[in-house]
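Undergrad: Mind having a look at this structure? Questions to follow.
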Amino acid sequence: MKIAVFAGDGIGPEVTGEAVRVLEALGLPGLALTYGDVGGAAWRRHGHPLPEETLAMARASDAILFGAVGDFACDHLERHLRPEQAILGLRKQLGLFANLRPAKMFAGMEDASALRPEISGAIDLLIIRELNGDVYFGEKGVRTLDDGRRQGWDLMSYAEDEVRRIAHVGFRAAMGRRKMLCSVDKANVLETSQLWRDVVIEVAAEYPEVTLSHMYVDNAAMQLVRNPGQFDVIVTGNLFGDILSDQASMCVGSIGLLASAALAEGSMGLYEPIHGSAPDIAGKGLANPMAAILSAAMMLRHSFDLEAPAARIEAAVAEVLRAGIRGADLGGSHGCRAIGDAVLARL
Ligand code: NAD
Ligand code: IPM
Ligand code: MN
């Protein structure tokens, strides 16, 4: 079990540290952790957010545990040197195209949701976000028009094979759950989305048991807070999935609770909280490490087929929450380390 740990910037090292403590506490045979630099931290030490040696370490590993990247002090840099390029580069270079972002209400946490308890209690959904395409990876630039005005532009596109492979991930996931798949797009305006919808419908023929629906992204944002219980699996593009998953986190209670898996074809995966480096609370010990800890659980499940220890971690986190041990993000007073301690105690 060769795991590359890339903690990154801001709260990345704090929350990843707790996830590593949890992994080590499980006493898994063959666990071997290596540590690499990413993001602003890597730029400072190596002059690049995703140094060659980090990429080589990633390629030589079975899975990656990722913290967060992002550092406002780097926002003036040319785009290819910005911290965010580390995570975008890893996703692209390793073919990590399928992003699983589950959002499920924890028992006893209904009151922590931004939604009313009778609405939040029903949340059990999985956002499947395409991670290698869309406007994220199209050509982009800033040009000066003939009349002297500056114009920023980013090309949005999806090729049919890119849509097809993520649609299959969506349908397969739905088959293992409540057999409902909602494809989210903006086909009423965007050609990229119309092709997306056409291809998803083609793929649906292979999954007759799955009930497929389509929803425009603006409506999906609304339905997610009106009645999130209606969703089982959502499949969507890179940009829409980014936005909807942050929104889903507050339906559950906090962005500090949502984990994710970025999967390639095969068993390779990168596991990270959906949140960022949270510069506003970095270094203060205030970050909730649960999303990072739950990401480690997803790693055991998806890259190593270790369902039992993954479920053990998830049960420990749920118990900690049930015991009322909460970080500041959930209105509590427990710090990052204390939450990690509490999870370890339950394990
Ligand atoms: P963010 O997710 O870092 O923070 C948003 C808000 O949520 C902040 O108020 C923060 O304090 C809070 N928050 C986030 N995680 C938390 C946790 N575990 N516990 C408690 N509170 C938490 O988003 P942002 O502020 O928009 O971005 C900050 C930086 O992070 C930017 O540079 C951005 O590009 C980067 N970012 C990186 C990733 C990633 O590495 N995958 C993801 C998102 C954002
Ligand atoms: C995420 C982040 C990243 C994204 C940024 C940091 C590039 O917001 O992982 O959700 O947009 O994918
Ligand atoms: Mn995001």
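Undergrad: I need the full set of residues from the range 88-120 which are within 11 Å of CYS251 (Cα to Cα) and assigned to a strand (DSSP E or B), in order please.
TA: Listed by number, the residues that qualify are ALA103, LYS104.
Undergrad: Has the range 71-94 got at least one residue that is touching a residue at least 40 places away in the same chain (Cβ under 8 Å) and either at positive phi or more than 16 Å from ligand 1 (Cβ to nearest atom) (or both)?
TA: no
Undergrad: Next question. When the residues of the range 22-47 are filtered to those that are within 16 Å of ligand 1 (Cβ to nearest atom) and of a type in the set (D, E, K, R), which remaining residue is nearest to the chain's Cα centre (by Cα)?
TA: ASP37
Undergrad: Looking at (1) surrounded by fewer than 24 Cβ atoms within 10 Å (Cβ to Cβ); (2) more than 26 Å from ASP329 (Cα to Cα); (3) not assigned by TED's automatic domain parsing to the domain that holds LEU344, which is the one condition that is false for THR236?
TA: (1)
Undergrad: Still on this structure: Yes or no: the range 213-227 includes at least one residue that is buried (at least 21 other Cβ atoms within 10 Å of the Cβ), at pLDDT 95 or above, outside any helix (DSSP H, G or I) and not aliphatic (A, V, I, L, M).
TA: no
Undergrad: Here are ALA112, ALA60: which of them is surrounded by fewer than 18 Cβ atoms within 10 Å (Cβ to Cβ), in contact with a Lys or Arg (Cβ under 9 Å, 6 or more places away or on another chain) and touching a residue at least 12 places away in the same chain (Cβ under 8 Å)?
TA: ALA60
Undergrad: Another question, then. Mind telling me which of the residues SER245, SER333 ends up being within 16 Å of ligand 2 (Cβ to nearest atom) and among the hydroxyl-bearing types (Ser, Thr, Tyr)?
TA: Just one listed residue meets the conditions, SER245.
Undergrad: Just checking, how many residues over the range 149-188 are outside any loop (DSSP other than H, G, I, E, B) and either more than 28 Å from HIS302 (Cβ to Cβ) or among the charged types (D, E, K, R) (or both)?
TA: Summing the residues that are outside any loop (DSSP other than H, G, I, E, B) and either more than 28 Å from HIS302 (Cβ to Cβ) or among the charged types (D, E, K, R) (or both) in the range 149-188 gives 12.
The values are calculated or read from the model by the stated rules, or taken from the named source; none is laboratory data. The structure presented is a predicted model; accordingly, all values stated were derived computationally and were not measured. All Cβ positions, glycine included, derive from the backbone under ideal geometry; neighbour counts span all protein chains shown.
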